[in-house]
Amino acid sequence: MRAARGLATLLAGALFGFGLALSTMIRPEVVLGFLQFSDLGLMLVMGGAVLVVVLAYKLAPRLLSKPLLGDSFHAHPSAWNRDTAVGSALFGVGWGLCGVCPGPAIASLGTGNWSLLWALGGIALGALVQGLRANGGVLWTEPRA
């Protein structure tokens, strides 16, 4: 079962990366054009993705008694708080300034766009700082069971 989950994860990631490349979301200039409302083609891409996800989340539990590679369907617990708001704002500012989102940046490396390593380095540094802040300066903690 573990190998099947790993293979499914790999295939889902490859499909996601292919979709990002096909939709040109891996090109920061296209994303910036979308964010400046001069190129709304990505609106169709995002709208299509949202539609597929909503349908999958609503229909899969009704059509299947359990997930294909899991024990049961789970609701994702989410909490809206100050940290979520600040993180969302920082993400939005960074995305608006450089047109780079983590997923498309990683997918863009597959096309040889090595300059995005700088953006990914900044993303990793931001994640590290947030993790240190959230854990009281501790770099690594054991995962909760």
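Taken together, the values in this text are just the output of simple stated rules run on the coordinates, not laboratory data. Quantities reported herein were computed from a predicted structural model and do not represent experimental measurements. In this analysis, Cβ positions are derived from the backbone assuming ideal geometry, glycine residues included, and neighbour counts consider all displayed protein chains.
The chymotrypsin sites (Phe, Trp or Tyr not before Pro) of region 1-46 that meet both conditions, a loop assignment by DSSP and at most 15 other Cβ atoms within 10 Å of the site Cβ, are 37. Taking every alpha-carbon pair under 8 Å whose residues sit at least 6 apart, region 2-134 reaches a relative contact order of 31 percent. Among the chymotrypsin sites (Phe, Trp or Tyr not before Pro) found in region 54-145, those both in a DSSP coil and sparsely packed, with 11 or fewer other Cβ atoms within 10 Å of their Cβ, are 80, 114, 140.
Suppose only helical runs count, i.e. DSSP H with n ≥ 4. What mean residue ellipticity at 222 nm does that imply for the chain under -39500 (n - 2.57) per run, divided by all residues and rounded to the nearest 500 deg cm²/dmol? Present the calculation step by step, with values, prior to reporting the outcome.
Values: 6 runs with 96 residues, N = 145.
Helix-only estimate at 222 nm: -22000 deg cm²/dmol.
For a Förster distance of 41 Å, can you work out the FRET efficiency between the beta-carbons of residue 83 and residue 63, rounded to the nearest 0.05?
0.70
Round to the nearest 0.05 the FRET efficiency obtained for residue 9 and residue 127 when R0 = 22 Å and r is the Cβ-Cβ distance. That gives a FRET efficiency of 0.65.
Suppose R0 equals 35 Å; then what is the FRET efficiency for residue 44 and residue 72 from their Cβ-Cβ distance, rounded to the nearest 0.05?
With a Förster radius of 35 Å, E is 0.55.
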